[in-house]
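Scroll down for the structure; my scribbles are underneath it.
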Amino acid sequence: MKNLPRWVYVPVLFALALLYVPLLAVAVQSVNASRFGTSWQGFTWNWYGRLFAHEAIGAAAKNTLLVACISTAVSTVLGTCLALGLDRIPWPGRVRRALDILLHLPVITPDILFAAALVVAFGVLRQASSLFDPGLVPMILGHIAFQVAFVALVVRARLATLEPELFEAARDLYAGKRYLFWHVTLPLLLPAVAGGALLAFTLSLDDFIISFFTTGSGSDTLPIYIYGSLRRGLSPEIHALSTLMVLATVALVLGVERLNRTREVT
Amino acid sequence: MGAPGRALEVREVRKRFGAVDVLRGVTLSADPGTFLTLLGPSGCGKTTLLRIVAGLELADSGSVTLGGEDLLAKPAQQRPVNTVFQQYALFPHLTVADNVAFGLRARRIPEADVARKVSEALELLQLGELAVRLPAKLSGGQKQRVALARALVNEPDILLLDEPMSALDAKLRAQVQLELRRLQRRIGRTFVLVTHDQDEALTVSDRILVMREGCIEQAGAPEDVYARPRTRFVAEFLGAANLIEATRDGDACETALGRLEPAEKPGWTRGCLCIRPEKLELSATRPEGANAIEATLEEVVYRGDHVEVFLGVSGLRARAPALNGLARGARVWVRLPAAHLMALEA
Amino acid sequence: MSERELPGLPTAALKNRDGALGARVVWLGELASRRRLFARGGALMGGGMGLILALVALPMLALVALAFATRGTHGEIEWTLTLNNLKRLFGYGILGWSPDILWILSRSVLVAAVTTVLCVAFAFPLAFFVASRPPARRYAWLALIVVPMLTNVVIRAYAWFPLLGMHSPLTKLAQILGFLAADEALYPSALAVYLGQTAINLPFAVLPLYAAVERLDPALIDAARDLYASRWGIFRHAILPQVRAALAVAIVLTFVPALGAFVVPDLLGGARGMLLGNLLQQQFFTARNWPYGAAISLMLVACSVVALWYYGRTQAREAAR
């Protein structure tokens, strides 16, 4: 793989430009003193300052974090259990394959269809309880439903690398079910569980459509707020907010990478 | 000092995986303090038998008892039996000392005792300096010693070893075999080793059980099994052997080499005679007595401490300390001493 | 055999009845009955699988059924079975036949297809590029590709506004070159949709291809270098067969989401750029016509099912190996 033809760098550069130039343009506009961004009128942190004073943005940020934290916590536990239940039990091949396909459903379903399915599901559940009316509860449940699959896949990939003899050895060395879980299974899975949790958190922040389809009054998240405000026209505050969110993603990706490194050591 | 531990009895153990009979009624016993080796080719069921004793596999029928106590009724974590796994299965997230302490802590043994026993075990296997290392930083030989310490620290009645040398290189293996033998003598516990390596079996064992297709083909002290293989399989699997097809005629046998007279009369009319290469006697002149034939030296291979000779009749192989001037192509006389010429069971 | 009889008790019934639920097994060193293990597995999976089943799998089946239901006067669902929703998909509306819906559907497929082709075309060089970096650097390059993938889609779509808007250098350039009238901007437009879609789906094509390219057998490529003079020959005969499975994954991972795109056509496509995703959203919210929305979603359901079927088949093949 050492000697690539020179021309390969052209599409590579173009692709990276496709990915980053728009984001950079937003970042530049977020520190441009010009309100309408038609020309460069000097550097300012002004728009960032306004961001923190903005009530609607504050509320949306709170919702975003609330949804991300709760859904991540729940989906990490459920996803880890799901991976264990799928991988550590001698299911007959057919059952295992069916479960495996079901697990991949949220991963492979396009967002919009996933969201439409949620609308239908909550439409039915709403008949039973007002808890499922548009708002934070269905939004959080919707997030969990797709996060759980990702967490389970990450954890299961780790489980697959652990030799079964480790568990047999633990039994052979007098470990009961609990001791085995707390002293062997969980410590060995921890990097993957943490990685899955970070991924789930990122996915929750990244989501727009599922939140958009399940939101009610007062439960808008940051992406929904941005989407709504775009209809009223561009504003530098939105640029500032978006830049901060991209930076948050960068931080999370770096966190996952760090975890990957530690996993390699053990 | 009487050997610690209790006697292991395995009776008529059977195991089937799908359509394959892995174990077809295996019976064996091990007195306390013996080094027992299950020797056989892969797929003969030796590892399955070991796993059944450890509680990592279920037997279809039969019994396994330890000092009269039924083992099969207990789950693995309640059996006074510990295993050294083929790939060692050290816990990668625990240090050497914590790996060794695992079995003690899992039984909630007071931490003071744990510390003492762990340091004794580390001492025994010369692992003291590695106590705080993680398994990923150990060499193959070190890993193996940790696995041994981790099992022995629990003072099991039986120590099971599943091909523990297969992950080591050939040079280290010979050394470790000796150490293992010494270790077993020193602590006097029962070791049950599974291997497909005949040298290893001969080196370490008090008793060898040669297994084939789920049955025990022959059991006995290493020298007995080697010197008196009962079947063709044992003769070929354990050491080199000259096998000679024969038809019985009275007390003697008719073979492609001519008329041969084994010391013991065979029980069959058509069968196989066997003689180890080092038992063949070569000479330039016709020797006294029966069982002598003339042959050509077809190939001579120099092996340092001995020479290996391929003779021009029936693929006969001989091994001699030196050839005293005999060279390839020479005509020699070969004697097959009756005492070493064995009739194999059909 | 009851479970209380299990560990530590006499083994009168040791005989292993293969496959029977109550049969005892030793699994990962644990002695238990099959039934108990299955019960534990069910309990462990219950939460996660329950959510997926209740919120995704069953509702998707419900969508299929809904497509044959009727919209009541106030947007409620009436279970009068009808084919009208499907007929509407083929242009037969209340006001007679019109090609509008067919335009939207075919445009959606076209946009998804072109996006997929562009993504794969860029993903190959990117995958080779990252794989050609020193191993220690690869993580950083991959992170560079993953960061946009995990950035919110709304941000990534609207980020094109400043670049393609009325006052942007690119727009001015296009106006000077005569591609645009003086009062037109580069967005909303079909071009903007293609740019946005390609940028958003590109990482999904890169990651599977990179995983395959990194594992390429260099011996085969060297052999091909001897056999075929041209780089194309090497690519076609030595590389392509080795990355075919990953290519299929890349195509599925771009085409399926691209077909269901909502944000990009909504923000960058303008009123005339409506695609499947926008129509779906409209029917579920603005028009409150769930049965028709369900009918529209059938295409996406079919795509997902095909993708899952493909995944299941590769899994079964690997299992058979």
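The values are calculated or read from the model by the stated rules, or taken from the named source; none is laboratory data. Note that the structure is a prediction, hence the values are computed from the model and not measured. Every residue, glycine among them, receives a Cβ derived from its backbone with ideal geometry; neighbour counts consider all protein chains shown. Remember, those area values only see protein heavy atoms, side chains included, never the ligands or the DNA or RNA. Shrake-Rupley method; radii C 1.70, N 1.55, O 1.52, S 1.80 Å.
Annotations for the structure displayed:
- Solvent-accessible area, 1.4 Å probe, carbon plus sulfur percent, for region C:88-320: 68 percent
- Separation of region C:211-226 and region A:54-93, taken as the distance between their Cα centroids, equals 40 angstrom.
- Between chain A and chain C, roughly 8300 Å² of accessible surface gets buried, counting both sides and using a 1.4 Å probe.
- Length gained on full extension, residue C:180 to residue C:139, computed as 0.36 nm times the residue gap minus the Cα-Cα distance: 10.6 nm.
- Kirkwood hydrodynamic radius over Cα pairs of chain B, then Stokes diffusion coefficient at 20 °C and 1.002 mPa s, in µm²/s: 95 µm²/s
- Per-bin percent of Cα-Cα distances, the protein assembly as shown [20 Å]: 12, 32, 29, 18, 8, 2, 0
- Of A:177/B:117; A:177/B:46; A:177/B:137; B:74/B:143; B:143/B:171; B:46/B:265, pairs whose Cα-Cα distance is over 26 Å: A:177/B:46; A:177/B:137; B:74/B:143; B:46/B:265
- Region C:170-196 and region A:145-200 have Cα centres spaced 53 Å apart.
- The residues A:35, A:231, sorted by heavy-atom accessible surface at 1.4 Å with ligands and nucleic acids left out, run A:231, A:35 from largest to smallest.
- Per-selection metrics, region A:1-150 (Cα): Rg and Dmax in Å: 22.9, 68
- Bins of 10 Å, starting at 0 and running to the largest distance - Cα pair percent for region C:166-257: 15, 27, 20, 20, 15, 3
- Between region B:206-233 and region B:91-109, the alpha-carbon center distance in angstrom: 38 Å
- In a simple Cβ point-charge model (Lys, Arg +1; Asp, Glu -1; nothing else charged), chain C has a dipole of about 800 debye relative to its Cα centre.
- Stretching residue B:175 away from residue B:126 to a fully extended chain increases their span by 16.2 nm, per 0.36 nm per residue minus the current alpha-carbon distance.
- For region B:240-343, the alpha carbon convex hull comes to 88 Å³ per residue, rounded to a whole number.
- Accessible surface buried by the C/B pair amounts to about 1000 Å², both sides summed, 1.4 Å probe.
- A Cβ-based charge dipole, computed about the Cα centre of region B:240-343 with Lys and Arg at +1 and Asp and Glu at -1, lands at about 100 debye.
- Over the Cα atoms of region C:107-231, the radius of gyration divided by the Kirkwood radius equals 1.10; this is the Rg/Rh ratio.
- Of A:58, B:47, B:160, farthest towards positive along the dipole that unit charges on Lys, Arg, Asp, Glu beta carbons give the protein assembly as shown: A:58
- Entry for region B:99-244 at q = 0.11, 0.12, 0.16 Å⁻¹: log10 I(q)/I(0) = -0.50, -0.58, -0.90, Debye formula applied to identical alpha-carbon scatterers, no solvent contribution.
- Considering only B:8, A:78, B:344, the residue lying farthest towards the positive end of the dipole of the protein assembly as shown is A:78, judged by Cα position with unit charges set on Cβ.
- Å² per residue, accessible surface of the protein assembly as shown at 1.4 Å: 45 Å²
- Rg/Rg_globular for chain A, with Rg_globular taken as 2.2 N^0.38 Å and Rg from C-alpha atoms: 1.23
- Lys, Arg +1 and Asp, Glu -1 on Cβ, resulting dipole of region B:8-230 about Cα centre, debye, nearest 20: 320 debye
- In sequence order, region B:9-26 has phi-based couplings of 10, 10, 10, 6, 7, 10, 8, 10, 10, x, 8, 9, 7, 7, 10, 10, x, 9 Hz under the Karplus curve 6.51 cos²θ - 1.76 cosθ + 1.60, θ = phi - 60°, and Gly or Pro positions carry x.
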